[in-house]
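Beneath this line is the structure, given in C-alpha cells, with notes to follow.
The values are calculated or read from the model by the stated rules, or taken from the named source; none is laboratory data. Note that this is a predicted model, so its numbers are computed, not measured. With ideal geometry, Cβ positions are generated from the backbone for all residues, glycine too; neighbour counts draw on all protein chains shown. Just the protein is used for accessible areas: all its heavy atoms, side chains included, with ligands, DNA and RNA removed. Shrake-Rupley method; radii C 1.70, N 1.55, O 1.52, S 1.80 Å.
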Amino acid sequence: MRVRDAIEADGDHLAELADVPTEVMADVVHDRTLRVAESDEEIEGFVGFDAHEDTVHVTHLFGTESSCERLLDEPIRFAANEGMAVEILLPESEADAATAAERAGFERTGSGPRFEGQRTLRFRLENPETAAE
C-alpha cells in the first residue's frame, strides 16, 4: 500500500468514501494536510489532519481497516516530531477506523459532539513517540 498527498483529481473518490458532496472534499484537499492510501492505483482510504497548539487533530479518517491503520502513521509521525498529542473524532458508525485507531495505540476518551445527528467517539494518543517506534 502506497501513501501519497491527495490531489484535486482525487476529490470525487474521496467524497464517495466519506459520503459527502464533492465540493466539500475539494475544500478539504486545499485546507488540510490530506493523504491517501492506494493499492494498484485504487484509493482505499484517506486521512486529513491539522495542528492547533499542542494537538494534532485528525479531521477525516475513512477507508478499509488496514488503510486507516497505515494512514494513521502520518499524523502520528508529525505529532511525534513536534512533541504533540493526537486526537481523533470518529462517527460511531466507522468501526474499521475505530479499530485501526485502537491498534495504533489511541485510547477512547469518551463521546464527542454530534455531527449531522450522528454520535461521535473521541480517541487520544498522548505519547506519539512511543507509537511511532
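Collect the residues in region 68-82 that are under 13 Å from Thr55 (Cα atoms) and open to solvent by 60 Å² or more (accessible area, probe 1.4 Å), keeping them in residue-number order.
Arg77, Phe78, Asn81, Glu82
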- Subset of region 51-67 [touching a residue at least 60 places away in the same chain (Cβ under 8 Å) and open to solvent by 10 Å² or more (accessible area, probe 1.4 Å)]: Ser66
- Query: Just a yes or no: is a residue in region 85-93 open to solvent by 10 Å² or more (accessible area, probe 1.4 Å) and either modelled with pLDDT of 95 or more or assigned to a helix (DSSP H, G or I) (or both)?
  - Reply: yes
- Task: Starting from region 82-111, take each residue that is basic (Lys, Arg) and list its partners that are assigned to a helix (DSSP H, G or I) and open to solvent by 20 Å² or more (accessible area, probe 1.4 Å), counting only C-beta distances under 7 angstrom and pairs at least six apart or across chains.
- Result: Arg103/Glu69
- Evaluate the following for Leu34: is it within 13 Å of the chain's Cα centre (by Cα) and more than 21 Å from Phe123 (Cα to Cα)? no
- Does Ala37 satisfy the condition of being open to solvent by less than 20 Å² (accessible area, probe 1.4 Å) and either under 27 Å from Ala85 (Cα atoms) or aromatic (Phe, Trp, Tyr) (or both)? yes
- Query: With respect to Val24, is the statement that it is of a type in the set (Val, Ile, Thr), over 10 Å from the mean Cα position of the chain (by Cα) and open to solvent by 50 Å² or more (accessible area, probe 1.4 Å) true?
  - Reply: yes
